[in-house]
Amino acid sequence: EVVSYYKRKLKLKCWTKGKDKTLIVIIYPNKEKGIVTLRIGKKMWNYFPRINRIMRVPPSMMMASWMGSDFTNDDLVKESSLFDDYKGEYILPDSLNSSKYFFIKLIPRKNTLSLWSKIVLLVRKKDLLPVREEYYNEKGELIRVLYFEDIGIIGGRKLPRVLKMVPVKKKGRYTLVKYLKARFNIPIKNSIFSLRSLRNAEKF
């Protein structure tokens with residue numbers, strides 16, 4: 001069976017402050033230009049310039065696709081929630097090289113609502129950079145894998161410059177995020193992470 005997926009390309013600007021504030025502005029293509037996503041803690045909003053509306057993303061939609069990609073709304077808040085919402089332990093897989101990597105299994109805490117029964121992280125020992133994240137459902141089935149690729153210098157730091165999210169049951173489909181430029185430790189006003197700023201975020 002051959003499955004064909006169409007290609008779609010977005011160009012984004014993104015600002016983050018700490019672990020709980022993120023602002024993403026789509027600047028290409030024109031069809032989606034000006035759409036903004038704001039995250040403050042675990043709350044999210046989207047602004048759609050064509051209808052001039054700001055819409056809150058309800059908890060029931062956190063596992064829905066973000067802008068039609070293989071990343072979810074929840075993925076955008078996960079950075080701050082993994083530590084709080086999951087408990088981790090080191091594991092030693094038999095078939096993989098544990099001399100070069102740490103394998104960490106994350107299990108949702110008792111009061112955490114999660115689509116995933118576990119998340120398995122693969123981290124390089126030599127520099128603690130991530131290599132892979134595996135996501136398993138309640139049946140223990142592997143549903144998707146996030147690969148961290150093209151490790152190199154960006155913004156003066158050594159980081160993965162490409163993220164590749166692959167839904168394993170959708171053969172041939174994936175979403176790539178490529179970092180083209182990055183700056184760190186620059187002053188960012190708190191005011192840009194506000195509902196009031198969303199209608200002007202394209203000018204930032």
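Lysine pair count for the stretch 79-179 with Cα-Cα distance under 15 Å and sequence separation of 8 or more or different chains is 13.
Under 5 Å between amide hydrogens, built in the peptide plane, is the criterion, and for VAL168 it picks out ARG144, VAL145 among residues at least 5 positions away or on other chains. At full extension, ILE51 and ILE104 could sit 14.7 nm farther apart than now, given 0.36 nm per residue minus the alpha carbon distance.
With semi-axes defined as the square roots of five times the eigenvalues of the C-alpha gyration tensor, the equivalent ellipsoid of the stretch 94-157 measures 25, 15, 11 Å, largest first. In this rough spin-label picture, where each label sits 7 Å from Cα along the Cβ direction, the ALA182-THR16 distance is 0.8 nm. For the stretch 52-64, putting each phi into the Karplus relation 6.51 cos²θ - 1.76 cosθ + 1.60 with θ = phi - 60° gives couplings of 6, 10, 9, 10, 6, 8, x, x, 5, 9, 5, 8, 6 Hz, in residue order, rounded to whole numbers and with x for Gly and Pro.
Residues considered: SER60, SER69, SER194. Largest GNM mean-square fluctuation over the chain, using C-alpha springs under 10 Å, is found at SER60.
Summed over the residues of the stretch 81-195 and divided among them, the accessible surface reaches 68 Å² per residue at a probe radius of 1.4 Å. Amide H contacts under 5 Å for ILE91: PHE103, ILE104, LYS105, restricted to partners 5 or more places along the chain or on a different chain, H placed in the peptide plane at 1.01 Å from N.
Across the stretch 141-157, coupling constants 3J(HN,Hα) worked out from phi with the 6.51/-1.76/1.60 Karplus curve, θ = phi - 60°, read 8, 6, 9, 7, 9, 9, 9, 9, 10, 6, 5, x, 8, 9, x, x, 10 Hz, and Gly and Pro carry x. Helix 73-85 and the longest principal axis of the Cα set of the chain meet at an angle near 50°. Sparsely packed loop sites in the stretch 38-88 (the trypsin sites (Lys or Arg not before Pro) outside DSSP H, G, I, E and B with at most 10 other Cβ atoms within 10 Å) comprise ARG50. For SER191, neighbours were defined as the other residues whose beta-carbon sits under 12 Å from its Cβ, and their charges (Lys and Arg +1, Asp and Glu -1) total +4. If the Kirkwood radius is taken over C-alpha pairs of the stretch 8-48, then at 25 °C and 0.890 mPa s the Stokes-Einstein diffusion coefficient equals 231 µm²/s.
Here is the list for the stretch 66-166: GluC sites (Glu not before Pro) lying in DSSP coil, each with at most 15 other C-beta atoms within 10 angstrom of its C-beta, are GLU138, GLU141.
Residues in the stretch 179-189 carry Karplus couplings, in order, of 8, 8, 9, 8, 10, 10, 6, 9, x, 10, 5 Hz; the curve used is 6.51 cos²θ - 1.76 cosθ + 1.60 with θ = phi - 60°, and Gly or Pro positions show x. Expressed as a whole percent, the accessible area of the stretch 85-204 that falls on carbon and sulfur atoms is 52 (1.4 Å probe). The number of Lys pairs in the stretch 2-85 with C-alpha atoms less than 22 Å apart, excluding pairs fewer than 8 positions apart on the same chain, is 26.
Under 5 Å from the amide H of LYS21 lie the amide H atoms of GLY41, each residue being 5 or more positions distant or on a separate chain, with H modelled from the backbone and absent for Pro and chain starts.
Which whole-number percent of Cα pairs in the stretch 56-146 have a distance greater than 19 Å? In whole percent, the long-distance tail amounts to 43.
Would you mind classifying the stretch 112-194 by shape? Square roots of the alpha carbon gyration tensor eigenvalues, ordered a ≥ b ≥ c; an a/c under 1.5 is rounded, otherwise it is prolate if a/b is larger than b/c and oblate if not. Taking the square roots of the gyration eigenvalues as a ≥ b ≥ c, the stretch 112-194 is prolate.
The values are calculated or read from the model by the stated rules, or taken from the named source; none is laboratory data. These numbers come from a predicted model, not from an experiment. All Cβ positions, even for glycine, are placed from backbone atoms using ideal geometry, and neighbour counts span all protein chains on display. Accessible surface areas use protein heavy atoms only, side chains included; no ligands, DNA or RNA. Shrake-Rupley method; radii C 1.70, N 1.55, O 1.52, S 1.80 Å.
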